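This report refers to the structure that appears directly beneath it.
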Amino acid sequence: MLHGYTPANEPWELWRDLEPGSRAYDALKAERCGLFHQVLVQLIPDLADRIVIELQGTPRSHRRYLRVHRGSYGPAIGADQSPFPTGTTPIEGLMLCGAGVFPGIGVPPVAVSGAMAAHSFVPVARHKALLDELGLRVPA
């Protein structure tokens, strides 16, 4: 299985007026998503023969399925501008989680950000004690 992302910073103006399924939409999607094929075929020459299912997303699909503003998700920063944001806030007892904080976009990273937020409320010693109580802790 191969799952790839490009930065979710496509200019919305390219996609805003295109109707999904239209000839213009499909052409732009093929052009923008074609980057993966261009790169991967150099490593996997028979890539086309190996593809069982291919799902391509655009800002329009992100807006539809993820309900994100203008089809973008993740933090609105460049990698060269600052580190990935953490879930901390200046409000006591409020932590953020999701695609806009570390570790980033996708289901596994978003789940990890939720776990990190939850774990921030309970000290590690309490985690260990609970695991001991449940008989789930593996001795070090």
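The values are calculated or read from the model by the stated rules, or taken from the named source; none is laboratory data. For clarity, every value in this text was computed on a predicted model and none was experimentally measured. Heads up, the Cβs are rebuilt from the backbone with ideal geometry, glycines too, and the neighbour counts pull from every protein chain shown.
Figures for the structure shown
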quantity	calculated
Answer from Ala24, Ala48, Ala30, Ala99 - the residue that is within 16 Å of Tyr5 (Cα to Cα), out of contact with any Pro (no Cβ under 7 Å at 6 or more places or on another chain), of a type in the set (A, V, I, L, M, F, W, C) and not in a loop (DSSP other than H, G, I, E, B)	Ala30
Which listed residue is assigned to a loop (DSSP other than H, G, I, E, B), loosely packed, with under 12 Cβ neighbours inside 10 Å and of a type outside the set (S, T, N, Q), from Ile105, Ile77, Ile91	Ile91
Condition check for Arg16: among the basic types (Lys, Arg), under 21 Å from the mean Cα position of the chain (by Cα), outside the structural domain of Val107 (by TED's automatic domain parsing) and under 24 Å from Ile105 (Cα atoms)	no
Subset of segment 56-87 [without any contact (Cβ under 8 Å) to a residue 60 or more places away in the chain, touching a Ser or Thr at 6+ places or on another chain (Cβ under 9 Å) and over 24 Å from Ala118 (Cα atoms)]	Pro59, His62, Arg63
Tally, over segment 108-140, of residues that are assigned to a loop (DSSP other than H, G, I, E, B) and surrounded by 12 or more Cβ atoms within 10 Å (Cβ to Cβ)	2
Which numbered condition Leu55 misses (of (1) in a helix (DSSP H, G or I); (2) exposed (fewer than 10 other Cβ atoms within 10 Å of the Cβ))	(1)
